[in-house]
Amino acid sequence: MIDAYHLYLNSSEAIVRRQTGWGPWRRLEDVARWEWNADLASSFDLEPLVLRRHRHATLTVYMGSALGKFMVLDLPAGLRSDDEARAAAQAQMQHQLGLQPGQWTFSVDRLPGANQAIACALRADVFARIGHVARTRGMRLLSLRPFAASSWNALQTPHKAPAAATEEAQALMLVEKDAFAIVIEKAGAIVSVNALSHRRESTLIDREIRRMAYAVGEDTQRHIRLALVPELLPLAQLHTDKVLQPDAYLRQPIYSDFRDLLFLPLPQVAA
């Protein structure tokens with residue numbers, strides 16, 4: 001039997017969910033939550049997680065936006081491999097964002113139909129620490145991915161145009177407890193992705209809404225959307241019309257990719 005564990009990690013908190021069974025026998029449940037300090041990667045451990053005996057355990061990790069950086073960038077022509085694309089993206093991110101070599105782990109997702117890619121840099125020390133403690137606990141690490149990217153993908157379907165993608169720009173702000181990510185899309189293609197930490201400033205969302213309006217155009221403000229953790233909803237009181245409603249996106253109480261963290265709690269419904 002296999003227990004599939006899913007871990008969401010921000011700069012101060014770890015949340016773990018366990019998935020067992022498949023199809024009608026599938027079960028997903030919250031099993032652990034604890035604090036850690038991202039300033040000290042060695043403070044992360046999986047000891048608070050109790051593994052069940054005589055079960056194989058896998059681990060999928062979703063890294064919060066406080067632990068990563070993003071860029072949409074142009075790739076040089078003539079690249080012959082994914083390694084060359086990753087090296088080119090690393091060089092650009094180090095130059096433009098001031099990232100120090102050896103402190104970040106880079107990945108690249110090429111965009112279709114263009115010589116562009118979304119580059120992601122995740123904290124190398126945290127990446128290494130997760131791999132180490134997973135091996136120590138006998139867990140097989142399946143993947144480590146940015147939470148913002150998974151949430152962006154999960155929140156697209158209800159708002160996609162039924163025909164061709166609109167030429168107007170659209171923006172989505174994903175607000176976690178300690179950081180936020182902004183994705184801007186135009187004509188069905190992602191043109192910008194950014195992630196920054198925040199300190200829950202009272203002006204946070206209003207400030208970023210104004211920046212997004214400038215980026216996508218004042219006349220397309222109706223295409224700016226917000227998804228945020230419930231405790232920060234008061235910060236969006238001037239923009240409640242932009243807040244995504246859970247009943248349009250969630251069909252079950254919790255998800256393995258933790259998208260439900262960005263919405264008010266839903267009543268218990270059948271998975």
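The values are calculated or read from the model by the stated rules, or taken from the named source; none is laboratory data. Because the structure is predicted, anything quoted here is derived from the model rather than measured. Here Cβ is always computed from backbone atoms with ideal geometry, including for glycine, and neighbour counts include all displayed protein chains. Please note that ligands, DNA and RNA were not included when accessible areas were found on the heavy atoms of the full protein model with its side chains. Shrake-Rupley method; radii C 1.70, N 1.55, O 1.52, S 1.80 Å.
Quick notes on this one:
- The alpha carbon centroids of segment 69-101 and segment 35-53 are separated by 31 Å.
- For the chain, the solvent-accessible area of protein heavy atoms averages 52 Å² per residue (probe radius 1.4 Å; ligands and nucleic acids excluded).
- Mean separation of Cα pairs under 8 Å and 6 or more residues apart, divided by the residue count, gives the chain a relative contact order of 17 percent.
- Across the accessible surface of the chain, with the other protein chains kept in place and a 1.4 Å probe, carbon and sulfur atoms take up 52 percent.
- Debye-sum result for the chain in log10 I(q)/I(0), which assumes one identical scatterer on each alpha carbon, at q = 0.09, 0.15 Å⁻¹: -0.45, -1.25
- Semi-axis lengths, largest first, of the ellipsoid equivalent to segment 1-84 are 31, 21, 12 Å, with √(5λ) applied to each eigenvalue of the Cα gyration tensor.
- Using the average count of surrounding beta-carbon atoms within 10 Å as a protection proxy, the listed peptides 252-262, 46-56, 191-201 rank, highest first, as 252-262, 191-201, 46-56.
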